[in-house]
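Written below as structure tokens is the structure these notes are about.
The values are calculated or read from the model by the stated rules, or taken from the named source; none is laboratory data. All figures in this text were calculated on a predicted structure; none of them were measured in a lab. Quick reminder, even Gly has a Cβ in these numbers, built from the backbone with ideal geometry, and neighbours come from all protein chains shown.
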Amino acid sequence: MTEKPETQMEEDNTVQPDVEIEEGDAFGLGEEHLSQLQEHLREGDEVAVKELFGDLHYADAADILQQLKSEDRTQVYQIVGEDFDPDIISELDGDILEEVVEEMGASQVAQALIEMDSDDALTVIEELDEEDQKEVLDALPLGERSIILEGLSFPEDSAGRLMQRDLVTVPAFWTVGETLDYLRSDVDLPDDFYEIFVVDPKFNPLGTVQLSKLMRSKRPVRIGNLMEEQLTTIPVETDQEEVAFIFRDRDLVSAPVVDEDARLLGVITVDDVLDVIDEEHEEDIMRMGGVTQAEFYSSALDAAKSRIWWLVVNLGTAILASLVIGMFSATIEQLVALAVLMPIVASMGGNAGTQTLTIAVRAIAMNELTPANAIRVVGKEVLVGTVNGIIFAVLIGLATWAWFSDPALAGVIAAAMVVNMIVAGLAGALIPVALDRFGADPAISSSVFLTTVTDVVGFFAFLGLAALLLL
């Protein structure tokens, strides 16, 4: 039996402190943090405010700032003063960020940007209005300013805006010993990094070496013999959604960003990609409802203004469906049962179309629905719509017959149900494909077009068949 070393035995016998973690407080903030801070602010207890706020993780501190009233945020900043963590700024949403920047002043914001990673600094600058941007940029040293200005020159939501400029590069002919000595020297290295990039004299990336592999290797070994040569490079103008897809598809932790000459410009890491995925998902969900995330912090008047155009679009589609109903007003007057039953056809078509639409939009986002398989996918959804249409036509036909004792009316609504369910499957697949083909985001506007199609077709099929066959 192998005995443990004495030091190991001592470690095993060390009494671990009891750490009590309340449910819901392991990550993020509990409600008591916010209420305590507000209480300290009301009481004017600056020491307690500074202690409580100073103990928070910068992400939690940003969350709590955004939950406070404007005057309370100002008071917190004035109390914390120079101890205000610069990383808090990068976690704030647009309107709140503008407010905090105004309170801090351009020079202190510039100092905070210097302490951030280059990608976080660029994110903060992006959120500022043009006047504040200029003031902060003018307050930055020339080196940091040029890096941010170069980042701003890349397209919005591109890899160039997303990448971090701080990375470690070494030539392939260096040895492990030379590389370690370089890393230990007093050079301007990133605060956190997990791999080094191997480059040629033109600064083209050749491969990467993980720090864990570097630390386990002998000093005389050349870096070129250790590096992993399979690199997934990302062009600097690649859209961030495509970047996220590449990371997911290739299971990447980081990836180098290159210019048109394949020179290394920076690196994108998985934590930035997680932010992109969250941002894009949130943006799509918000736009489907015609709103933006910023409205949560904006005034009621500004929120109303931003929502009005989407409501106008929906009003237009509703009027279009009403016009179809108006075409058959005389028919409805003669057979009141039509008014009772016609919402069923439109509603079922809308729900069936939404199911197809959800599948299609997700497939497009994952690059699974392409021109090569579009016809097959559309055909499948039409077949699904036909099958479901027949099933629900039988159900609604029997229910209508039992309800109104009118077999002809039951046949009309059954036929309209089949027609609308088939159209719903066809539209639910074709609309997002067509929008994507013409460069529009199918996640944003597909639902409006789909609802219009299923409502118009549903009403027209039901009322038209009723006018033709019943009257």
Restrict the check to the range 174-193 and report whether at least one residue is under 26 Å from M116 (Cα atoms) and touching a Phe, Trp or Tyr at 6+ places or on another chain (Cβ under 7 Å). no
The range 315-329 - residue that is loosely packed, with under 14 Cβ neighbours inside 10 Å and modelled with pLDDT under 85 and, of those, farthest from F459 (Cα to Cα): L315
So is I223 in contact (Cβ under 8 Å) with a residue 24 or more places away in the chain and in the same structural domain as A255 (by TED's automatic domain parsing) or not? yes
Would you check if G151 is under 29 Å from D278 (Cβ atoms), free of Cβ contacts under 8 Å to residues at least 40 places away in the same chain and buried (at least 19 other Cβ atoms within 10 Å of the Cβ)? yes
Mind checking which pairs have a first residue in the range 191-220 that is more than 19 Å from A255 (Cα to Cα) and a second that is among the polar types (S, T, N, Q) and assigned to a strand (DSSP E or B), Cβ under 8 Å, 6 or more apart or different chains? R219/T175; P220/T175
Based on this model, can you work out whether V418 counts as modelled with pLDDT of 95 or more, part of a helix (DSSP H, G or I), at negative phi and over 25 Å from the mean Cα position of the chain (by Cα)? yes
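Does the range 74-112 hold any residues that are small (G, A, S) and out of contact with any Phe, Trp or Tyr (no Cβ under 9 Å at 6 or more places or on another chain), and which are they? So that I can check it myself, show each step before the final result.
Within the range 74-112, the subset small (G, A, S) is 81, 90, 94, 105-107, 110, 112.
Within the range 74-112, G81, G105, A106, S107, A110 meet the criteria.
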Criterion first (modelled with pLDDT under 90, outside any strand (DSSP E or B) and not aliphatic (A, V, I, L, M)) does D181 satisfy it? no
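Yes/no matrix, rows are residues, columns are (1) part of a helix (DSSP H, G or I); (2) at pLDDT below 80; (3) over 30 Å from L128 (Cβ atoms); (4) over 30 Å from the mean Cα position of the chain (by Cα):
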| site | (1), (2), (3), (4) |
| --- | --- |
| E10 | yes, yes, yes, yes |
| E23 | no, yes, yes, no |
| R73 | yes, no, no, no |
| Q78 | yes, no, no, yes |
| L92 | no, no, no, no |
Within the range 220-275, can you find the residues that are among the hydrophobic types (A, V, I, L, M, F, W, C) and over 20 Å from L122 (Cβ atoms)? V221, I223, L226, M227, L231, F245, I246, L252, V253, A262
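Looking for whichever is closer than 27 Å to L92 by Cβ and at pLDDT 85 or above here; the options are G224, G266. Which one fits? I'd like the intermediate steps shown before the answer.
Details: G224 fails: closer than 27 Å to L92 by Cβ.
None of the others qualify; the one that does is G266.
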Identify, please: which residue in the range 269-300 is modelled with pLDDT of 75 or more and either in the same structural domain as D120 (by TED's automatic domain parsing) or in contact with a Ser or Thr (Cβ under 8 Å, 6 or more places away or on another chain) (or both) and is, among those, nearest to I364 (Cα to Cα)? V270
